[in-house]
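Input: a single structure, listed below in structure tokens.
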Amino acid sequence: MTWLYWIISYFIGNFLTAFFVGKVYGVNLQQERSKNLGARNAGSVLGKAAFMWTFLGDSLKGVLIVLLGNFWNLEQSAIVVGGCLVIIGHMYPMWLKFHGGKGVATFIGVGLALSPTLFTMMIVGTALVFSITRSLTLGMLGGFVFYIGAIGLTGHLSLYIPLLVAIICMLIKHTSNIKESLRRGK
């Protein structure tokens, strides 16, 4: 059952909400601005409604995977791997030649569904750094630091290693955004 769950997790991650939102608007987001199939690009190109639909769709698939793992009574470690795989599936969808989104909305869904208490530290870190830098990208970095720190304080860091791998993949996908934010001093 665990292997089936992991395969389903990856393939649910392959559902790129921005791709379908773009189709509704008659726009191929893979050819616009950042060419990224995520909420931020959808919002930049198509507006706030497109951002919200994309964000909700992408975060809900993260929630769905955690709920499915709980419904099947899988071990927490298997569910964390499923969370990692839904994020990886979002970033590297097979059917789009492995060019998807950057994973943040899906990560938010996974993080909230796994542990709202731990995820609160992600929100605190993001808000704190954003209030200082006025950069959402740098705020996200602060959020990751707080989130990982909170996990470390629980003594269950090894359980969350798959999610740490997903965070590293998200940071790699955000490299250009991070460099730009640092260059502008924001």
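The values are calculated or read from the model by the stated rules, or taken from the named source; none is laboratory data. Just so it is clear, the structure is predicted and the values come from calculations on it, not from any experiment. Virtual Cβ from ideal backbone geometry, glycine too; neighbours counted across all protein chains shown. Note: accessible area is taken over every heavy atom of the protein model, side chains too, but ligands, DNA and RNA are not part of it. Shrake-Rupley method; radii C 1.70, N 1.55, O 1.52, S 1.80 Å.
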### Query
Is it the case that I151 is open to solvent by 40 Å² or more (accessible area, probe 1.4 Å) and either within 18 Å of C84 (Cα to Cα) or touching a residue at least 60 places away in the same chain (Cβ under 8 Å) (or both)?
no
### Task
Considering only residues that are modelled with pLDDT under 95 and open to solvent by less than 30 Å² (accessible area, probe 1.4 Å), look in region 131-148 and name the one that is farthest from the chain's Cα centre (by Cα).
S135
### Query
Based on what the data block shows, is L112 within 16 Å of L64 (Cβ to Cβ) and either open to solvent by 50 Å² or more (accessible area, probe 1.4 Å) or modelled with pLDDT under 95 (or both)?
yes
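Table: residues versus (1) out of contact with any Cys (no Cβ under 9 Å at 6 or more places or on another chain); (2) surrounded by 14 or more Cβ atoms within 10 Å (Cβ to Cβ); (3) over 23 Å from N177 (Cα atoms).
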residue	(1), (2), (3)
L16	yes, yes, no
K35	yes, no, no
W53	yes, yes, no
S59	yes, yes, no
G69	yes, yes, yes
### Query
Of all the residues that make up region 66-106, how many are out of contact with any Asp or Glu (no Cβ under 9 Å at 6 or more places or on another chain), modelled with pLDDT of 95 or more and in a helix (DSSP H, G or I)?
21
### Message
Pairs needed: first member in region 84-108, without any contact (Cβ under 8 Å) to a residue 12 or more places away in the chain; second member anywhere, among the charged types (D, E, K, R); C-beta distance under 6 Å; at least 6 residues apart or different chains.
### Response
none
